[in-house]
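A short write-up of the structure that comes next.
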Amino acid sequence: MPVPVPRQRAIPAAESGQAQAASAAGQAPRKDTPRPDAAAPHGGENTAAEHTNLTVLLIEDDPGGSVIVPDLLDQAGRPIRVRTARNLTEAERLLTDDVHCILLDLALSAPGRAGDEDDDELAVLKRVLDLAPRHAVLALTASTDAERGAEAVAVGAQDYLFRDELDGRLLSRAIRYAVERKRSDSAERRLAEGRLRAQENRRLERGLLPTPLLEGSPLRFAARYRPGRSRALLGGDFYDVVRTPDGTVHAMIGDVCGHGPDEAALGVELRIAWRALTLAGLCGDQLLGTLQEVLEHERAHEEIFATLCTVDIAPDGRRAGLCLAGHPAPLVAAPGLPPRLLPYDNNGPALGVLPGARWPRTQVELGAEWSLMLYTDGLIEGHVGAGRERLGEDGMLALVRAKRDEGLRGEALLRATVDEVRRLNGGELADDVAVISLDRGR
C-alpha cells in the first residue's frame, strides 16, 4: 500500500523548461506519453538521453500504466534519463552513483510483508530511504491520498506528487527541487555533526587537562598551554603537579615526539601514570624507568619517544631534586638575580630510546624565595624574525628577564612570554607549547 509524502507546490508555466521545449517543437506538452524507457527491458535506460545531467530511478510495479512518467527535461532543456525498477531488489541493482533522484510509487507492495496497508506502505518507503540515504526521494500517491503523502515526507522523503496529476513540467521541476533540497539538507546535517564532534572533542580534551593537587602547599602554581594542532585543545605536551602527604611538591613536564591526536593520547597516559606512581611513593630513576615501560607498551611505533623533566621540591621549599630525560632544564629566578637554568649535566636519554637506561637525580638549592619555570621545547624552537635563527635557551632567558623587570609574575608572566615568542616567530608556533611555574615567596 502507498506511503505519505509532501505536496509539490504549483509551478508557473514561465518556469517550465518542458512547456517551452514542447512548444518550440510544435507540440503540446504530453500528459499520457509513455515513459522514456517504456520500450526497453525493465531496468533499461533511455538511450537518447545518454549524456544528460540528471538520472532518475523510478520504482513501481505496474509498468503497464499505474504510473505514467512523461518526457522530462532538465533546466537546460536536456532530457532527464529515467530507469525503471519493478521491485526493491531490482532498484538496489540499478541504484548506481549517477542516480540523483528516486521516484517511488507508494502503491508498491513490500515483499515479505503482510498485514495493515499503512504499515506496508511506510515500510516500503523506509526501506528505500535505508537503501539510498544520500539520494533525494519523491513519493507518488493518489490525489485522494494527500495525508499519506504528508506522512511520507515526515518519514524522510523530500516531497510528494499526485500520480494522476503528473505532467512533464511539474515533475521535472519537482525532481530538480528535491535534488537540491537533499543536497542542502545533507550539507546542513554534516555541518551540525561536525559542530557536535568539535564540541565533544573540546569537552573531552578539556577534561583531560590536569587539575593540580597542591592543597596545603604555600607554592603558587600557573600554567600556559598551546597545542600545535589547529583548533585543538590538547597536544603531545603534558604536565602535572601534585603534593604528597609528606609535604613534598612534585612537578613534571613532558613532550611526546609529534603533536597529533595519537601523541596527545599517549601524553595523557604518561601524565596519569606519573601521577599514580608519584602518589604511590616512586621518585627519580625508579619512577622514570617505570614510565618508560608504560611508553613502550602504549606507543604505536618503536620510533615514538618522550622527553621528561621532573622536580621534587622538599617540604621546606629551599631545595629540590631534578631528573631530566632528554628534556630542557628548568629556569629558576630569584629576587635581585637574573634567571638561570638549573644544572643539566646529568641529563639522561629520552624515554623509549635506550632499554635499561638510568636517570640520575641532581640535588639543587633554591633558597628562600624563588620562581621555577618548566617548559617544553616548543617555547625555545620558535624563529626570531624573518631568518631561520631560533630563540633558543639564551633568548628565552633574556625574554623572561625583561618580563620580570616589568613586574610580571605567575600567569601574567607565562602569558606574556608565550605571546612574545609567537610575535618573534611571526605567527603561530609549529610545535606544542606547555609552560608551568611554581613560585615561593617569603
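Structure above, values below:
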| quantity | calculated |
| --- | --- |
| 10 Å binning of all Cα-Cα separations within segment 339-442, expressed as whole percents from 0 upward | 13, 39, 32, 15, 1 |
| Order of Asp185, Asp377, Asp246, Asp432 under a 10 Å beta carbon neighbour criterion, fewest first | Asp246, Asp185, Asp377, Asp432 |
| Net charge over other residues, Cβ less than 12 angstrom from the Cβ of Tyr239 (K, R count +1; D, E count -1) | -1 |
| Segment 121-169 shape via C-alpha gyration tensor axes, a/c threshold 1.5 | oblate |
| For segment 209-440, the Rg and Dmax computed from alpha carbons only, in angstrom | 16.7, 50 |
| Percent of beta bridges antiparallel (DSSP, segment 209-440, rounded to nearest 5) | 95 |
| Ordering of 414-424, 317-327, 89-99 by burial proxy (mean other Cβ atoms within 10 Å per residue, highest first) | 317-327, 414-424, 89-99 |
| Options Pro349, Val294, Gly392, ranked by Cα towards positive dipole end of segment 244-402, top entry (Cβ charges) | Gly392 |
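Read the figures in this text as sums done on the coordinates, not as results from a lab. These numbers were taken from a predicted model, which means no experiment stands behind them. Because the Cβ atoms are built from the backbone with ideal geometry, glycine has one as well, and the counts that use them run over all protein chains shown.
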